[in-house]
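*Asks:* Below: one structure in structure tokens.
Only the coordinates and a few stated rules stand behind these numbers; no lab work does. Fair warning: this is a prediction, and the values are worked out from it, not measured in the lab. Don't worry about glycine lacking a Cβ; one is built from the backbone with ideal geometry, like all the others, and counts go over all protein chains shown.
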């Protein structure tokens, strides 16, 4: 009988963990930035801010560290600039044109070797 109650308890624990995982709040980048900036302003304590926002203090500090490291990397020029949509379209069309040229040259050399 103990085995049966033990397995049902395990199943219940797994169900609760699954529910917690699915109902966990996912913060957008904007929300994370807003919370970190509020903490950096220092108008209220970090613990009060975290309580109000429903965030663990350890999570706040990891966001803060990532935020400051990303700013430091960007200011020192370590990150590459993101391509804009027109640049991406231009690069894709150039890539397609180059692929066509390679295909034509490959077919041309294949025909000349057979002859």
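*Asks:* Using log10 I(q)/I(0) by the Debye sum over Cα atoms at q = 0.17, 0.21, 0.24 Å⁻¹ as the read-out, say which of [x] -0.98, -1.12, -1.24; [y] -0.78, -1.29, -1.79; [z] -0.84, -1.22, -1.44 was calculated from these coordinates.
*Replies:* This structure yields the entry labelled [x].
*Asks:* Shifting gears a bit: Obtain the nm distance between the two label points defined at residue 101 and residue 73 by a simple spin-label model: each point lies 7 Å from its Cα along the Cα-to-C-beta direction.
*Replies:* Distance between the two pseudo-spin positions: 3.4 nm.
*Asks:* In nm, give the distance between the simple-model label positions of residue 31 and residue 7, each being 7 Å from the Cα along the Cα-to-Cβ direction.
*Replies:* 3.9 nm
*Asks:* Can you sort 105, 49 from fewest to most other Cβ atoms within 10 Å of each residue's own Cβ?
*Replies:* Fewest-to-most ranking of 105, 49: 105, 49.
*Asks:* Any idea how far apart residue 43 and residue 58 come out in nm if each label point goes 7 Å out from Cα toward Cβ?
*Replies:* So the two model labels end up 2.9 nm from each other.
*Asks:* Quick one: angle between helix 85-114 and the longest Cα principal axis of the chain, in degrees between 0 and 90, rounded to 10, please.
*Replies:* On a 0 to 90 degree scale, this one is about 40.
*Asks:* Rounding to the nearest 10 and keeping the result within 0 to 90°, find how far the Cα-based axis of helix 2-23 lies from the longest principal axis of the chain.
*Replies:* Between the helix axis and the principal axis of the chain, the angle is about 60 degrees.
*Asks:* Let me ask something additional. Connecting C-alpha atoms closer than 10 Å in a GNM of the chain, tell me which of 35, 46, 19 has the biggest fluctuation.
*Replies:* 19
*Asks:* Which angle from 0 to 90°, rounded to the nearest 10, does the C-alpha axis of helix 57-75 make with the longest principal axis of the chain?
*Replies:* The angle comes out near 30 degrees.
*Asks:* Can you show me the helix-derived [θ] at 222 nm for the chain, built from DSSP H runs with n ≥ 4 at -39,500 (n - 2.57) apiece and divided by the number of residues, rounded to the nearest 500.
*Replies:* -27000 deg cm²/dmol
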